[in-house]
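What follows is one structure encoded as structure tokens, with my remarks underneath.
The values are calculated or read from the model by the stated rules, or taken from the named source; none is laboratory data. Values in this document were obtained by computation on a predicted structure and should not be read as measured data. Note: ideal-geometry Cβ built from the backbone for every residue, glycine included; neighbour counts use all protein chains shown. Just the protein is used for accessible areas: all its heavy atoms, side chains included, with ligands, DNA and RNA removed. Shrake-Rupley method; radii C 1.70, N 1.55, O 1.52, S 1.80 Å.
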Amino acid sequence: MITIYTIGGYEEVGKNMTAIEYEGEVVIIDMGIRLDRVLIHEDVNFQRMSSRELRKIGAIPDDTSLKNKKVVAIAFSHGHLDHIGAVAKLAPHYPNVPIYGTPYTIKLTKNEVKSEQYFEVTNPMYETNYGEIVQVSENLAIEFVQITHSIPQTSFVVVHTPEGAIVYACDFKFDNNNPMGERPDYKRLKEIGQEGVKVLIAESTRVAQETKTPSEAVAKMLLEDFFLYEGMDEKGLIATTFASHIARLQELIDIANKMGRQAILVGRSLAKYTGIAKQLGLIKMKGSKVVRSPNAVQKTLREVAQAKENYLLIVTGHQGEPGAVLTRMANGELYNLGKEDTVVFSAGVIPNPLNIAQRYALETKLRMRGVRMIKDLHVSGHASREDHRYLIKLLNPENIVPAHGEFRMLTHYAEMAEEEGYLIGKDVFVSRNEYKVEITG
Ligand SMILES: [Zn+2]
């Protein structure tokens, strides 16, 4: 029998954690945090909070159901904080159990652990390449299959069991034209589908959108269409996007180079994600500059404000997070933001009330300063309904557990699965945080 522990991410967008048990042995996949619960933004230091504090406010998963279980491996699907952000708080519950992920994911994980101030993490960490199959016990093996999302080296985590494969598909979209060259490994997915998939665990954040999510190439075109045209005569140019979205940052750096401006990336989280990407050769930073320390940020922005037409600023704060660079600029700090400036939002609004309110406040402040705003030069990194339908066809799973989403998203997924011939309660299971799904027969 296979048991799926739906620990976190089954009532919200965030704090993902799932565990798979076969014959008393457990593989954990992901240990995320829920960003809005810590009032956190990409520049905040939540490492100072204890795990008890974080659990109490629902910011990290409650893994009590795994107490006294024999955990043989921990696997991380990709490097977003809602998938790895709780590692330093939760990995100590499983001392010395090895952690696996792709190189970019593992390097980001090590970075999380390094800044932890309460616990010591003793787990060995292994960088795993696509195609490698790691035997983690006599019965269980794990494999990372290449997929596309909004951060480099994202994987489907496949747990091979004697009863068939468990495929964990959180998060993904099928991007067939990603400018970074990453492509979904359709060939391997098809093979795994033919070998037999016992359970598919799939994200559900955008399953209600009746479309296929466009490629990152579309976002690149949206940005180029605004920045690169003959009549472009904007003075101050400020772009904001996700610090972990390396493909998007590369597009912005390339655009700056084409415009004859210097791209300046401002903020600690931008420095973190691009620094590790550079080590692995995943981003070309030529012509650009990164500033991270508060002093350097102040000094650089003062200089930029003297000759705005020579720069393209890339900053944190697209959700209006307090303390982020753009938010501070809008508050009148760091830079004299005004009528001669244009702010480009290369990010959507993350649809939770806190973000919506903070973003609203930010936009109002920008408008009051006379700043021109260009919103939504962005495409999502998450699968829409038709990506999901295609994944089901590709894998033909015996059972499905919708994951990573609020209750209504999970049920939307289940509805779509019923269109594909599944039945809620029979072979598609909507679960809740801290519950489990038992797959018999
Ligand atoms: Zn993600």
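A few notes on this one:
- Working from Cα pairs under 8 Å separated by at least six residues, relative contact order for the chain is 19 percent.
- Helix 216-227 axis, angle to the chain major axis (alpha carbon atoms, nearest 10°): 10 degrees
- The Kirkwood radius of the chain, taken over pairs of alpha-carbon atoms, gives through the Stokes-Einstein law at 4 °C and 1.567 mPa s a diffusion coefficient of 58 µm² s⁻¹.
- Gyration tensor verdict on the range 324-364 (Cα atoms; rounded if a/c is under 1.5, prolate if a/b is larger than b/c, oblate otherwise): prolate
- Selection from Ile253, Met232, Ile264 lying farthest towards where the dipole of the range 216-374 points positive, charges on Cβ: Ile264
- Among beta bridges from DSSP that stay inside the chain, the antiparallel ones total about 45%.
- Computed from Cα positions, the angle between helix 103-114 and the longest principal axis of the chain comes to roughly 80 degrees.
- If R0 equals 60 Å, the separation of the Cβ atoms of Asn257 and Asn68 corresponds to a calculated FRET efficiency of about 0.60.
- Compared with the dominant principal axis of the Cα atoms in the chain, helix 186-195 is inclined by about 20°.
- Given Lys15/Lys289; Lys107/Lys235; Lys272/Lys308, the pairs whose alpha carbons are separated by over 31 Å: Lys15/Lys289; Lys107/Lys235
- In units of the rule-of-thumb radius 2.2 N^0.38 Å, the range 175-247 shows an alpha carbon radius of gyration of 1.61.
- Taking every protein chain into account, the 1.4 Å probe leaves Ser51 with about 20 Å² of accessible area, to the nearest ten.
- Computed accessible area, Ile356, all protein chains, 1.4 angstrom probe, square angstrom: 90 Å²
- Alpha carbon Rg of the range 216-374, scaled by the compact-globule rule 2.2 N^0.38 Å: 0.97
- Accessible surface, per residue, of the chain when the full set of protein chains is kept, probe 1.4 Å, Å²: 40 Å²
- Anchor Lys365: lysines whose Cα lies under 19 Å away (excluding residues fewer than 8 positions away in-chain): Lys339, Lys375
- Accessible surface of Met232 - all protein chains present, 1.4 Å probe, nearest 10 Å²: 40 Å²
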